[in-house]
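What follows is one structure encoded as structure tokens, with my remarks underneath.
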Amino acid sequence: MKITQIETIRFGQFPDLIFVQVHTDNGIIGLGETWYAASTVEAAIHDHFGPLLIGRDPSDIEAHWQTIFRLSDHAGYGGAELRALSALDVALWDIKGQALKMPVFEILGGGTRHRIRVYNTLGVYGDITDGHDVWRKPVDVAKSLMDEGIGGMKFSPTDFIARASDGNILFKKQLDRALQPFREIRDAFGMNFEIANDGHAKWNLANAIRIVQEMEELQPMWHEELLSPLNEEAHLRLQQATKTPIAVAERLMTRYQHRRFMESGAARIVMPDLTWTGGISEVKKIAELASGHQLPIAPHDCVGPVNMFACAQICMAMPNVMIMEYNRAMHRGWYGDLIEPNFVVKDGFLMAPTEPGIGTHLKSGIRERADATVRVSNEAREPWLFSRERYTYPPKDIQQEFEQMV
């Protein structure tokens, strides 16, 4: 089996979402996805990395990952390059699962479970307005989740008040009002409902410490990204200021950045985003690394629908997964417009995918949408050509002489 074509699809309706389809000569198509600055990712795939895969065996996933990563880490192994790698990696795993007629988690070692608990990140889409409703009727929002078997939620009570000062000043009156929904839920349900705090990296260290100490009595499930992850020592100081676990988080790229936070103790919960940090291949490694530090992982979501399917494979295969992020507004609102089948959340659990590969595919005719931008690459390129004009290579007979020495 050989790769014949790399295709990207993005939509005007969701300008930060991009799908990647890897086509093979036996008709199997692998699906991947990433989120944010989609046109930049599109360029990385077609101008750099996609052509490296044309004509090659899609089953050599680790070799392809290493080839692309070594070409991208000149830029610090982040940004569009790594998002492109993540999407391609998911698509390659999808092909392998389809070829073997097995869900990906079975190939990763088999299921340690066949469902995983979810918590709901409060979103807004269509008729589901959880992210707005929590400010006026927080108890009703929590009760509606509990009625569905979902025992926890995450929202961002403080990050919007950070905008005026870029996180450098925090008034007590503002903080009290921001935490009011949290307190009303605690008064209504006690510790029978979990709440996680997401800060979206808005605060400086001094104010982040004020927030975690003010929330101590509320006993959140975790504090996530109150600080930017640029300084693991600052995160460690934040962790030392609270009993609540610090979750670190989707802005860390690959096992190499995650490692530092695990080793220092700055992270008690590891939260990789699969479509940003290196795909299924890399999140499996991050989970294994976390296991060696006796830490749980809690995969990040709130991107596109393919991420949930890919994360489900990790959740079923890796024993140290704690819980999976879920956004019911997006799940019920627009995911089903783009993919089929949709993933299943039942009684508060994400159920194991049953279809071969990652478990879903793009809906028929989606490429023909009026707001679709489709780009295709089908010409192969050798990795060393990227560097030939910058470095001196020996002539072919000398190269052969070296090869014969091995």
Quiz item: Taking into account only those residues within the range 41-54 that are surrounded by 15 or more Cβ atoms within 10 Å (Cβ to Cβ) and of a type outside the set (A, V, I, L, M), which is farthest from the chain's Cα centre (by Cα)?
Solution: P51
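Yes/no per residue for (1) buried (at least 21 other Cβ atoms within 10 Å of the Cβ); (2) among the acidic types (D, E); (3) touching a Leu at 6+ places or on another chain (Cβ under 7 Å):
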| residue | (1), (2), (3) |
| --- | --- |
| R259 | no, no, yes |
| S264 | no, no, yes |
| A287 | yes, no, no |
| A290 | yes, no, no |
| A317 | yes, no, yes |
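Does E282 qualify as being acidic (D, E), in contact with a Lys or Arg (Cβ under 9 Å, 6 or more places away or on another chain) and touching a residue at least 60 places away in the same chain (Cβ under 8 Å)?
yes
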Practice problem: List every residue pair whose Cβ atoms lie under 7 Å apart, where the two residues are 6 or more positions apart in sequence or sit on different chains, the first residue falls within the range 251-266 and is more than 21 Å from K202 (Cα to Cα), and the second residue, located anywhere, is among the acidic types (D, E) and modelled with pLDDT under 95. | Solution: R260/E232; S264/E232
Practice problem: Answer yes if at least one residue in the range 223-232 is part of a helix (DSSP H, G or I), closer than 21 Å to P272 by Cβ and assigned by TED's automatic domain parsing to the domain that holds K172, and no otherwise. | Solution: yes
Exercise. Within the range 137-144, identify whether any single residue is in the same structural domain as M316 (by TED's automatic domain parsing), of a type in the set (K, R) and part of a helix (DSSP H, G or I), and answer yes or no.
Key: yes
Practice problem: Only residues that are more than 13 Å from the chain's Cα centre (by Cα), touching a residue at least 60 places away in the same chain (Cβ under 8 Å) and over 21 Å from D127 (Cα atoms): list them for the range 314-331, please. | Solution: M316, A317, M318, P319, V321, I323
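Looking at N120, N207, N192, N168, can you tell me which residue is farther than 18 Å from E325 by Cα, among the polar types (S, T, N, Q) and in contact with a Leu (Cβ under 6 Å, 6 or more places away or on another chain)? Please lay out each step first, then the result.
Working: N120 fails: farther than 18 Å from E325 by Cα; N192 fails: in contact with a Leu (Cβ under 6 Å, 6 or more places away or on another chain); N168 fails: in contact with a Leu (Cβ under 6 Å, 6 or more places away or on another chain).
On inspection, the qualifying residue turns out to be N207.
Every residue, every condition in (1) among the aliphatic types (A, V, I, L, M); (2) surrounded by fewer than 18 Cβ atoms within 10 Å (Cβ to Cβ), yes or no:
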position: V303; (1), (2): yes, no
position: H331; (1), (2): no, no
position: Y335; (1), (2): no, no
position: E355; (1), (2): no, yes
Quiz prompt | Some residue of the range 193-213 being surrounded by fewer than 22 Cβ atoms within 10 Å (Cβ to Cβ), modelled with pLDDT of 95 or more, more than 18 Å from the chain's Cα centre (by Cα) and under 26 Å from A312 (Cα atoms) | solution = yes
Exercise. At least 2 residues that are charged (D, E, K, R) and at pLDDT 95 or above in each: list the helices (runs of 4 or more DSSP H) lying fully within the range 1-115 that qualify.
Key: 79-100
Quiz item: What are the residue pairs meeting all of these: first residue in the range 160-186, first residue among the β-branched types (V, I, T), second residue surrounded by 13 or more Cβ atoms within 10 Å (Cβ to Cβ) and not in a helix (DSSP H, G or I), Cβ atoms under 7 Å, and 6 or more apart or on different chains?
Solution: I185/F193; I185/I195
Exercise. Could you list all residues from the range 143-184 that are more than 25 Å from K202 (Cα to Cα) and small (G, A, S)?
Key: S144, G149, G151
Exercise. Could you tell me whether the range 119-128 includes any residue that is in contact with a Pro (Cβ under 7 Å, 6 or more places away or on another chain), at pLDDT 95 or above, over 19 Å from A352 (Cα atoms) and of a type in the set (F, W, Y)?
Key: no
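The values are calculated or read from the model by the stated rules, or taken from the named source; none is laboratory data. Predicted model only: the values in this text are computed from it and were never measured. Virtual Cβ from ideal backbone geometry, glycine too; neighbours counted across all protein chains shown.
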